[in-house]
Amino acid sequence: MVDDNPLIRELYTKALADAGYEVDGAEDGAVAWDALQVTAYDLLITDNVMPKASGLDLLKKIYAARMTLPIIMATGTFPEEEFNLYPELQPELTLLKPHTVTEFLEAVEEVLYAHNGLGEESVLPPFCQVGPSSNRLRL
């Protein structure tokens, strides 16, 4: 979970790990960007307002680099003006804080289903590892 709040990052990293996902965490967009340069992820979940590099800054870099991973922005501060100016930067899903862990996990499943072309009957693998056909989450 890319979030500067260590308690939120820990809560959602644990929830996803308990759900069977392999998860990495980062405290801001700059650290997340560095990780994206060396590791292939199937999903990015980011806050918006963070030190060094915001979620929006991270989205701009991802768009400029033509990366195609799906993104969830889980934030209390929705950058509406920026998304109106640059609609191509909008993530697949925005989850406004506060939200429950259940809502968070449902959002992750929804985006992964949509991105992987899976139907509602499909089941996500119980444990995901790095590889071309696996899910590794940058959180």
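The values are calculated or read from the model by the stated rules, or taken from the named source; none is laboratory data. Since the structure is predicted, the reported quantities are computational estimates derived from the model, not experimental observations. Methodologically, a virtual Cβ is constructed for each residue, glycine included, from the backbone with ideal geometry; neighbour enumeration extends over all protein chains shown. Accessible surface is based on the protein model in full, side chains and every heavy atom, while ligands, DNA and RNA are left aside. Shrake-Rupley method; radii C 1.70, N 1.55, O 1.52, S 1.80 Å.
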Those residues of the stretch 14-27 which are assigned to a helix (DSSP H, G or I) and open to solvent by 40 Å² or more (accessible area, probe 1.4 Å), in sequence order: Lys14, Ala17, Asp18
Taking the stretch 25-80 on its own, how many of its residues are under 18 Å from Glu109 (Cα atoms) and free of Cβ contacts under 8 Å to residues at least 12 places away in the same chain? 1
Among the residues listed as Leu112, Leu59, the single one being open to solvent by less than 50 Å² (accessible area, probe 1.4 Å), closer than 13 Å to Val2 by Cα and either under 16 Å from the mean Cα position of the chain (by Cα) or modelled with pLDDT under 95 (or both): Leu59
Among the residues of the stretch 40-53, is any assigned to a strand (DSSP E or B) and not β-branched (Val, Ile, Thr)? yes
Considering only the stretch 74-102, state which residues are loosely packed, with under 13 Cβ neighbours inside 10 Å and part of a helix (DSSP H, G or I). Glu80, Glu81, Asn84, Leu85, Pro87, Glu88, Thr102
Do you know which residues across the stretch 28-39 are open to solvent by less than 60 Å² (accessible area, probe 1.4 Å), over 13 Å from Asp4 (Cβ atoms) and outside any loop (DSSP other than H, G, I, E, B)? Trp33, Ala35, Leu36
Given the structure, is Asp42 surrounded by 14 or more Cβ atoms within 10 Å (Cβ to Cβ), among the charged types (D, E, K, R) and in contact with a Lys or Arg (Cβ under 8 Å, 6 or more places away or on another chain)? yes
